[in-house]
Amino acid sequence: VQLQASGGGLVQAGESLRLSCTASESMFSINAMGWFRQAPGKQREWIARIFRPGNSYYADSVKGRFTISRDNDKNTVELQMNSLKPEDTGVYYCNAMTQSGTNYWGKGTLVTVSS
């Protein structure tokens, strides 16, 4: 599975961004899609995940501000990020986990939030 993420950029605190990730294979073969981020000098952390039935989960740091969604027909997963904070700055990676438990990663897209 190849993943292509897009939508990163430079915004000011309080603004919004929408990230998109397109999978090369049908979403029906993918059990869960998620987003991770890696801030400068820090380890990669999980921030949101959505499973094939549509149930979604969020890290406490983004709950209430970020929304993950998936379109199985378009093989895409999106992350709507509102009320962005400088601490949201980092490289955002799209992740796909298949039914067998294999993980795939996109190349990442940079999000920079200025104060």
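Taking GLY14 as the residue in question, decide whether it is open to solvent by less than 70 Å² (accessible area, probe 1.4 Å), free of Cβ contacts under 8 Å to residues at least 40 places away in the same chain and either in a strand (DSSP E or B) or out of contact with any strand residue (DSSP E or B) (no Cβ under 6 Å at 6 or more places or on another chain) (or both).
Details: open to solvent by less than 70 Å² (accessible area, probe 1.4 Å): yes; free of Cβ contacts under 8 Å to residues at least 40 places away in the same chain: no; either in a strand (DSSP E or B) or out of contact with any strand residue (DSSP E or B) (no Cβ under 6 Å at 6 or more places or on another chain) (or both): yes.
For GLY14, the condition - open to solvent by less than 70 Å² (accessible area, probe 1.4 Å), free of Cβ contacts under 8 Å to residues at least 40 places away in the same chain and either in a strand (DSSP E or B) or out of contact with any strand residue (DSSP E or B) (no Cβ under 6 Å at 6 or more places or on another chain) (or both) - is not met.
Going through (1) touching a Phe, Trp or Tyr at 6+ places or on another chain (Cβ under 9 Å); (2) over 16 Å from GLU25 (Cα atoms) one by one, PRO53 falls short only on (1). Total residues in the range 17-48 satisfying the condition of being among the polar types (S, T, N, Q) and without any contact (Cβ under 8 Å) to a residue 12 or more places away in the chain: the figure is 1.
Summed over the range 49-105, residues that are of a type in the set (Val, Ile, Thr), free of Cβ contacts under 8 Å to residues at least 40 places away in the same chain and buried (at least 19 other Cβ atoms within 10 Å of the Cβ) total 3. Out of the residues in the range 17-48 that are assigned to a loop (DSSP other than H, G, I, E, B), closer than 14 Å to LEU110 by Cα and in contact with a Gly (Cβ under 8 Å, 6 or more places away or on another chain), state the one that is most open to solvent (accessible area, probe 1.4 Å). Out of the qualifying residues, it is PRO40. Taken over the range 77-110, the criterion of being within 11 Å of the chain's Cα centre (by Cα) and β-branched (Val, Ile, Thr) is satisfied by VAL77, VAL91, THR109.
The values are calculated or read from the model by the stated rules, or taken from the named source; none is laboratory data. It should be emphasised that the depicted structure is a prediction, and the values quoted were computed from it without experimental measurement. Heads up, the Cβs are rebuilt from the backbone with ideal geometry, glycines too, and the neighbour counts pull from every protein chain shown. Only protein heavy atoms, including side chains, enter the accessible area calculation; ligands, DNA and RNA are left aside. Shrake-Rupley method; radii C 1.70, N 1.55, O 1.52, S 1.80 Å.
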